[in-house]
Amino acid sequence: MTSLRYAIIATDGELTHHDGALDWEAVIGVEGRARVRLDARLAVTGWVNDCGLLDPKKYPRNPVGTCLLYSLGAPLQPYAGPVVFTGWNPANIARGLTEICGLPEPVVALDSIHGDVLKALAGQTPRDFSPSWAEQMREIAAHARTAPTPGITFGTVTGR
C-alpha cells in the first residue's frame, strides 16, 4: 500500500478525496491497474482497472469518470470501474524516485471540471463552457455507457 493524497470517482459519479494508504487492489481491482495519460501540465494522472470493461457486472461503466478523463486530456474511450487520480511526476525517474506522488493541493482542475461535467450531464451548460461542450460531454457519457467492449486480437508468431 502506498500512502499519498489521491481522489476517486466512483461509478455513480461521486468524487471523493483521500489522504493515506491507497490499497490499489481494493479500489481498482485485483486484475491490475492501467495508467491513463492526462495533460502533462496538470501533474496528475488517472488509473483504471486494466480489464474492467471485460467484466461489466463487477466493474460498471463510469460515464462521469470517462468525461472527466477526456476533459483532462485522456483518449476518448469508455472506462469502467472506479477512476483513481494521483499526482504524477515523470521528472522523478532520473532521481530514482517513483513517478506516482500525491495529488497537488488544491486540485482545482479536477474539482472544477468534475462539477462542470455533472452540470452538463444534468442538461445544463456550465458557466465557463459553451453549449457545444456540454453537448459533447453528454455524447461522451452516452458513448461510455453503450460502446461495445473492445475485443482482444490474438495472432501467431512466425519465423522462430
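The values are calculated or read from the model by the stated rules, or taken from the named source; none is laboratory data. Nothing here was measured: the structure is a model prediction, and the numbers come from that model. Cβ coordinates were reconstructed from backbone atoms using ideal geometry, including for glycine residues, and neighbour counts include every protein chain displayed.
Among the residues of this structure, Tyr6 counts as one that is under 16 Å from His114 (Cβ atoms) and of a type in the set (Ser, Thr, Tyr). Taken together, the residues in the stretch 26-57 that are free of Cβ contacts under 8 Å to residues at least 60 places away in the same chain, closer than 24 Å to Pro148 by Cβ and not aromatic (Phe, Trp, Tyr) amount to 17. Report yes if Phe129 is modelled with pLDDT of 85 or more, among the hydrophobic types (A, V, I, L, M, F, W, C) and part of a loop (DSSP other than H, G, I, E, B), otherwise no. Yes, satisfied.
Residues in the stretch 11-70 that are surrounded by 16 or more Cβ atoms within 10 Å (Cβ to Cβ), of a type in the set (Val, Ile, Thr) and either outside any loop (DSSP other than H, G, I, E, B) or touching a Cys at 6+ places or on another chain (Cβ under 9 Å) (or both): how many? So the answer is 7. Among the residues examined, Gly52 qualifies as of a type outside the set (Val, Ile, Thr) and either in contact with a Gly (Cβ under 6 Å, 6 or more places away or on another chain) or within 17 Å of His114 (Cβ to Cβ) (or both). If you go through the stretch 58-69 and keep only what is basic (Lys, Arg) and either farther than 13 Å from Ala147 by Cβ or without any contact (Cβ under 8 Å) to a residue 24 or more places away in the chain (or both), you end up with just Lys58.
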